[in-house]
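The values are calculated or read from the model by the stated rules, or taken from the named source; none is laboratory data. Please read these numbers as outputs of a predicted model, since none were measured by experiment. Cβ atoms come from the backbone with ideal geometry, glycine included; neighbour counts cover every protein chain shown. What goes into the accessible areas is simple: the full protein's heavy atoms, side chains included, and nothing from ligands, DNA or RNA. Shrake-Rupley method; radii C 1.70, N 1.55, O 1.52, S 1.80 Å.
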Amino acid sequence: MARPTVDALAEGIVAGDRTMLARAITLVESEKPSHVEEAQDLLGRLMPRTGGAARIGISGVPGAGKSTFIDAFGTMLVGDGKKVAVLAIDPSSTVSGGSILGDKTRMARLSREPNAYIRPSPSSGTLGGVHRKTRETLLLCEAFGFDVVLVETVGVGQSETVVADMVDVYLVLMLAGTGDELQGIKRGILEVADVLAINKADGDNERRAMLAQRELSTALRLMRGATKGGQPPVLTCSALEGRGLREIWDAITKLRDAWVASGELEEKRRAQAVKWMWSMIEEGLLASLHRDETIKRMLVDLEAQVAKGKMNATLAAHAVLDAYLRR
């Protein structure tokens, strides 16, 4: 099948053609130089149609049930009459580079909804729990007309806060009954989370979830009591039983509406756009360095010297940068 033109992709997205949306996302994720140029042309044409969706980032400690939560949460929102897109990031293998991309299979109910769209993407080694082109994909989904875009990250880690720089509200799912309820979650996550929810608050675990809620609320008061925005709400829910989901959405909506009214959301999105620009500059410079044939030959020798302990890694890095800047 011939690859559609930028005109056809733009027209298809505006017309609500899901096949064209999928192909546009594939174009945006491509690393081929000609594809990158076309992708930027496409995004430029669609920019006036972006910005209208509620952008929600969802992360969580291992075992918190992110996919099950999103399946139930997204289905609830679709039931409210909203069009929901899910950008699910799957971890890539550090050995083969491949990804299972199995998130969609764990969202069985939501995947059957005509007003829902689930796009799994590999992290491709990108830090931060998101794909390097997640921001662009989010804009395509907004241009398509989705009311809510949920960005599911790989999982809580040291760099998971990157998703906070592309969404309006950052929801972190916790898990009770694991001993230390704060174990396994980084301080940085707690400092940027807007809403926290303890999932799997059902059956024998419900009492532990309530206890964890109190402990986490106390920890957050000590950590963020004096910071701008104060303490984020800490809620409990059961994605399995569908309880607590409405309260989470109400908390998200309350925060977002307040930020819209005060102008804080607009300010936040402007700051995110600037960060996005700088990340693209850094990425472009690194790609340019790796394309330089002279630098590539130089790196072979320097890597060997560093590996053998004949040269300090810092000196080698400075040598590469000096040579690149001179060229």
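Matching residues to (1) charged (D, E, K, R); (2) within 30 Å of V172 (Cα to Cα); (3) out of contact with any His (no Cβ under 6 Å at 6 or more places or on another chain):
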position: E11; (1), (2), (3): yes, no, yes
position: G44; (1), (2), (3): no, no, yes
position: G65; (1), (2), (3): no, yes, yes
position: T68; (1), (2), (3): no, yes, yes
position: G74; (1), (2), (3): no, yes, yes
Condition met for L173 (open to solvent by less than 10 Å² (accessible area, probe 1.4 Å), assigned to a strand (DSSP E or B) and modelled with pLDDT of 90 or more): yes
So, in the stretch 254-305, exactly how many residues are free of Cβ contacts under 8 Å to residues at least 24 places away in the same chain and among the β-branched types (V, I, T)? 4
For the stretch 37-70 the number of residues that are open to solvent by 20 Å² or more (accessible area, probe 1.4 Å) and closer than 30 Å to V6 by Cβ is 13
Select the helices (runs of 4 or more DSSP H) contained entirely in the stretch 1-52, then report the ones holding at least 1 residues which are charged (D, E, K, R) and touching a Ser or Thr at 6+ places or on another chain (Cβ under 7 Å). 18-29
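Quick one: how many residues across the stretch 297-321 are assigned to a helix (DSSP H, G or I) and over 23 Å from A287 (Cβ atoms)?
We begin by selecting, within the stretch 297-321, every residue assigned to a helix (DSSP H, G or I); these are 297-307, 313-321.
Filter again for over 23 Å from A287 (Cβ atoms), leaving 304-305, 307, 315.
Looking only at that region, the number is 4.
What are the residues in the stretch 248-258 that are surrounded by 15 or more Cβ atoms within 10 Å (Cβ to Cβ) and more than 15 Å from M174 (Cα to Cα), if any? Spell out the reasoning first.
Taking the stretch 248-258 and keeping what is surrounded by 15 or more Cβ atoms within 10 Å (Cβ to Cβ), we get 248-249, 251-252, 255-256.
Of everything in the stretch 248-258, those that are surrounded by 15 or more Cβ atoms within 10 Å (Cβ to Cβ) and more than 15 Å from M174 (Cα to Cα) turn out to be W249, A251, I252, L255, R256.
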Within the stretch 285-323, how many residues are within 34 Å of the chain's Cα centre (by Cα) and open to solvent by less than 60 Å² (accessible area, probe 1.4 Å)? 9
